[in-house]
Amino acid sequence: MLETAEVRWFLPGPLPGERLAAFQDVPIPGVPEERTDWYLTAAQRPDLGLKVRGAGWFDLKRRTEAEPDHAFSDTMRGTLEHWVKWSFPLAADPVEEVLGWHRVDKSRWIRRYEIGDTGSAMAVPFERVIESGCGAELSDVLVDGTPSWSLGFEAFGPPDALESALTAGVSAFLADSPELTAVSFMQTDSHSYPSWLADV
């Protein structure tokens, strides 16, 4: 079981090249990944996420708290959510294109920040094992032939420090990539994957 604090935004259209360049133009750039996930959306539950991740894992996520319109910076307001996640290996991918499932093709770039003893965040290589941290993810997303792009943050570590880890991670990210402060990430665009896919 993994407990996290998260915030995510979705914007229409393909990922602008200048946004990806700003995300990657740092000393420790994001790790790229191409993946297809399947989300069960038939339940219409924004507080519950059921996903077949890639070709080998089943993820179950349950939202335990949500704080709408949380201010992360002058240009970032969104829903701060607490989630609990369980992951199970699969022998084979059981999902086919059937009613109630959404296929989501993703090109993702992930950066990772470690939370130090003082509570500040520092960029570290993605492969480093850390106990408390925050991931920053920029994604080019395709659902039913319609492109969108997403910026999301996920903090992990001691449960009583998740919100402070998320705040520290976002602050460090913006300090590393000040060009992205030119984009307004607002509450109206802030969703988890389950709530966003319910309206796609």
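The values are calculated or read from the model by the stated rules, or taken from the named source; none is laboratory data. This is a predicted model, so every value here is computed, not measured. All Cβ positions, glycine included, derive from the backbone under ideal geometry; neighbour counts span all protein chains shown.
Below are the figures for this structure:
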| item | result |
| --- | --- |
| Test: residue in segment 124-142 that is under 16 Å from E33 (Cβ atoms), of a type in the set (A, V, I, L, M, F, W, C), in contact (Cβ under 8 Å) with a residue 12 or more places away in the chain and in a loop (DSSP other than H, G, I, E, B) | yes |
| Number of the exception - A92 against (1) more than 23 Å from L20 (Cβ to Cβ); (2) modelled with pLDDT of 95 or more | (2) |
| Candidate set: segment 123-154, residues that are in contact with a Pro (Cβ under 9 Å, 6 or more places away or on another chain) and of a type in the set (V, I, T); chosen: the one surrounded by the fewest Cβ atoms within 10 Å (Cβ to Cβ) | T146 |
| Hits in segment 4-29 (condition: surrounded by 21 or more Cβ atoms within 10 Å (Cβ to Cβ) and either closer than 13 Å to F173 by Cα or modelled with pLDDT under 95 (or both)) | F23 |
| Residue in segment 43-52 that is surrounded by fewer than 12 Cβ atoms within 10 Å (Cβ to Cβ) and within 20 Å of V183 (Cα to Cα) present | no |
| W57 vs. criteria within 16 Å of T4 (Cα to Cα) and among the aromatic types (F, W, Y) | no |
| Checking V141 against (1) farther than 20 Å from E18 by Cβ; (2) under 15 Å from the mean Cα position of the chain (by Cα), the condition it does not meet | (1) |
| Selected residue [of a type in the set (D, E) and at positive phi] from D144, D199, D140 | D144 |
